[in-house]
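The next block holds one structure in the form of structure tokens; read it before the comments.
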Amino acid sequence: MENTDPTELAETANNPFKTYCALLVSVLAMVLAVNNLGGSNTGKEAMMNNILASNMFAFYQAKAVRQTQYKLAADEVEIQLQTDKLTPAAKQLLSDKLAAYKKNIERYESEPENGEGKKELMAKAKAFEHERDLALKRDPWFDYAEGLLQLAIVLT
């Protein structure tokens, strides 16, 4: 049987315990929403840094392949200079080519001016991996907090 007495309904509506419980549930729901936002951002950050690290490693591998091609070409030119009987002009041309190949080999190893040498790319990839790992370490804590906040709301 439902109570329809207006004075009793007014007293029940003004019950401070219910007001505090409703306020607590509202605050917990707000904290839960902020927690979900933080957890979502942490997941996105981990994924973004993983992609960036992967891109840096791919760029590093491309540089390594090109560097190896130049090393092979330089070796071939050196062998040709040692074994073939060449005219002085041909020897000079091959020597110039060899110097250019060796310069490219060194450039692929380290390019501090634009940060695209193998050494710099590896450092960038490691930094992105570190940032990814930090985000992945933070992510479970957001999940735990979300579960506890949901339990607190249900129990309240």
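Only one of Ala125, Ala145, Ala152 is modelled with pLDDT of 95 or more and either open to solvent by less than 50 Å² (accessible area, probe 1.4 Å) or on the phi > 0 side of the Ramachandran plot (or both). Can you tell me which?
Among Ala125, Ala145, Ala152, only Ala125 is modelled with pLDDT of 95 or more and either open to solvent by less than 50 Å² (accessible area, probe 1.4 Å) or on the phi > 0 side of the Ramachandran plot (or both).
Give region 51-97 a look and list any residue that's among the acidic types (Asp, Glu), free of Cβ contacts under 8 Å to residues at least 12 places away in the same chain and either within 17 Å of Tyr108 (Cα to Cα) or assigned to a helix (DSSP H, G or I) (or both), or say none.
Residues satisfying the conditions are Asp75, Glu76, Asp96.
Sort through Tyr108, Tyr60, Tyr70 and tell me the only one that's open to solvent by 40 Å² or more (accessible area, probe 1.4 Å), farther than 30 Å from Arg138 by Cα and hydroxyl-bearing (Ser, Thr, Tyr).
Exactly one residue qualifies, and that residue is Tyr70.
If only one of Gln67, Gln92, Gln61 is at pLDDT 90 or above and under 30 Å from Ala135 (Cα atoms), which one is it?
None of the others qualify; the one that does is Gln61.
In this structure, is Lys102 open to solvent by less than 60 Å² (accessible area, probe 1.4 Å) and basic (Lys, Arg)?
In short, no.
The values are calculated or read from the model by the stated rules, or taken from the named source; none is laboratory data. Keep in mind the model is a prediction, meaning the values are calculated, not measured. Neighbour counts are summed over all protein chains in view; Cβ atoms, including those assigned to glycine, are modelled from backbone coordinates with ideal geometry. Note: areas computed on protein heavy atoms with side chains; ligands, DNA, RNA excluded. Shrake-Rupley method; radii C 1.70, N 1.55, O 1.52, S 1.80 Å.
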